[in-house]
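Computed from the coordinates by the stated procedures, all read-outs in this text should not be read as laboratory data. Given the structure is predicted, the values throughout are model-derived calculations rather than measurements. Here the Cβ positions follow ideal geometry from the backbone for every residue, glycine too, while neighbour counts run over all protein chains shown.
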């Protein structure tokens, strides 16, 4: 008797449907993965060339991969963040644990709270540059804001002279597609001397030079400026051999934190502005809370627990438009999911976008409704029905930083401004490494 293969047992795509899926993934990966989950259920098989891959869409299975059985997993190269060398988002095993121990003190609650003033100060500067009736690209405005904030909190001394150069260098690097890198055709194109590849290499060289220069200057000064870079320079692995980080590792961690520390928050804020512009009743309720809690003054870290509706608005925006919209793991050995056995060296894909739009957990899932995030509503959903920052030992180390930055920036700006989408502009998603608004968000500002 011939035993059926694992691929035949697990529902999913066969030839030629798999080829059509790859074409759809190039054009619209969000809907492609969503339809795959709807058609085949919570465990769905596909192939990327010779690579077996499985889309997991049930919160319990995602929890098992990220938390319960995380030691049986590795990060897949195709879905890794491409800028951080061997930083936290790419490193594995004992080395990853050591690096996380070294970096964790920089993100303790008290340390993060000390950055609140910087976050509000830079946001207020942006507000001061805005004018009534002014047209802006809100995506660029939020990107510039979060880049300035992470530069200040990371490097201490103001680095405005470097900010434009950093932004210019980051753009071609961050335009590398997320799930499209799984496509065998795109993977093949990476080996060809295309102009886009040349631009990425040149951008990486420029960015590396800036970061290494800043690290060198700080090491030479020996000064503790109370910023993230100072914390990383002073960090010692007391649980291990007591060593610190060399320049190469410091560079990798700085790059990881620098990119993750502005790109994701900027996208979350951009989508929040867009959703508020389309739902004036939510905007009005948000502004009532800001008027009541802040009474016209700037927010501070002590206000964050009181801005409950502000948090709900941001949470719902990241449900609808999760900045990190797809993550992956590779199985080390055979792995059991429900009644299925997944072979070793298989790719497991989990999409925040797919799960966050699952009607099992979110009725009318494309509707913007911050009331989904009342304490009563949260109780009725499994934890991993919402995982914008991942989970388990690899949970984004800067999650608390991002939440505070997002809430303080939104509170600072929304109590003084409304923004409306430019008439005639059609908003589209651009799912690259993060979920961006394609072509930006042209909006007109209105002073309250």
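Quick look at the values:
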item	result
Within region 271-291: backbone nitrogen closer than 19 Å to the residue 124 label point (7 Å, Cα to C-beta)	290-291
Choice from 30, 269, 395 with maximal GNM fluctuation in the chain (Cα, 10 Å cutoff)	395
Relative contact order computed over region 307-400 (Cα-Cα under 8 Å; 6+ residues apart), in percent	31
Sorted by Cβ density within 10 Å, fewest first, the residues 351, 127, 243	243, 127, 351
Residue with peak Gaussian network fluctuation, the chain [Cα springs, cutoff 10 Å], from 194, 421, 307	194
Whole-Å distance, taken between Cα centres, linking region 191-238 and region 364-402	32
Fewest-first sequence of 138, 312 by Cβ atoms within 10 Å of each Cβ	312, 138
Mean separation of Cα contacts under 8 Å, 6 or more apart, over the residue count of the chain: relative contact order %	27
Fraction of beta bridges assigned by DSSP in the chain that are antiparallel (%, nearest 5)	85
Candidates 111, 329, 297, ranked by Gaussian network fluctuation over the chain, Cα under 10 Å, top entry	297
Ranked 430, 253, 17, criterion: other C-beta atoms within 10 Å, fewest first	17, 430, 253
Part-to-part distance (alpha-carbon centres) for region 409-436 and region 287-357, which is given in Å	18
